[in-house]
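Visitor: Right, I'll just put the structure down here and ask away after.
Computed from the coordinates by the stated procedures, all read-outs in this text should not be read as laboratory data. Note that the coordinates shown come from a computational prediction; the quantities given were computed from them, not determined experimentally. Virtual Cβ from ideal backbone geometry, glycine too; neighbours counted across all protein chains shown.
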């Protein structure tokens with residue numbers, strides 16, 4: 001069988017896109033979304049937050065938001081922190097994106113990205129009392145291990161702590177950043 005495309009490369013690419021898009025997902029997935037996971041224990045994080053903190057990068061101010069997305073299939077966190085010039089270093093901003101997701105029968109996981117080029121995969125652990133969540137990064141001999149904790153701090157406020165441990169001493173976490181945020 002011989003098929004001719006008169007549209008050149010562009011026509012061929014368009015034809016491949018049309019053909020493959022109809023095969024990309026099973027028919028059931030194309031017609032109805034999966035039931036949304038139960039995110040009720042995560043509700044203390046949802047919303048917009050502003051705060052300040054200090055650590056190795058210096059004193060900074062920032063904001064972040066946690067929101068349900070993709071028809072409540074995931075929680076998306078977007079953040080921005082601004083650090084003024086200090087000790088000969090110019091002012092800078094750090095932006096981040098984290099997607100938290102669930103798979104049936106497994107602990108919640110997250111993947112984090114920022115404008116500094118970090119990509120960190122986390123396993124999440126909600127405290128039994130529902131007052132905090134801790135994210136622990138995957139263990140890799142070539143990178144530090146990160147522990148990120150958000151904890152209720154009374155009223156509409158949170159504490160946020162990022163700690164790091166070396167791959168040689170994976171349980172010896174040292175503070176990197178700490179801050180406090182309040183709901184907008």
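Visitor: Among 40-46, 138-144, what's the highest-first ranking by average C-beta atoms within 10 angstrom per residue?
Guide: Per-residue Cβ counts within 10 Å, averaged per peptide and sorted highest first, yield 40-46, 138-144.
Visitor: Same structure again: If you wrap a convex hull around the alpha carbons of the stretch 40-183, what volume per residue comes out, as a whole number of Å³?
Guide: Cα convex hull per residue, to the nearest whole number: 125 Å³.
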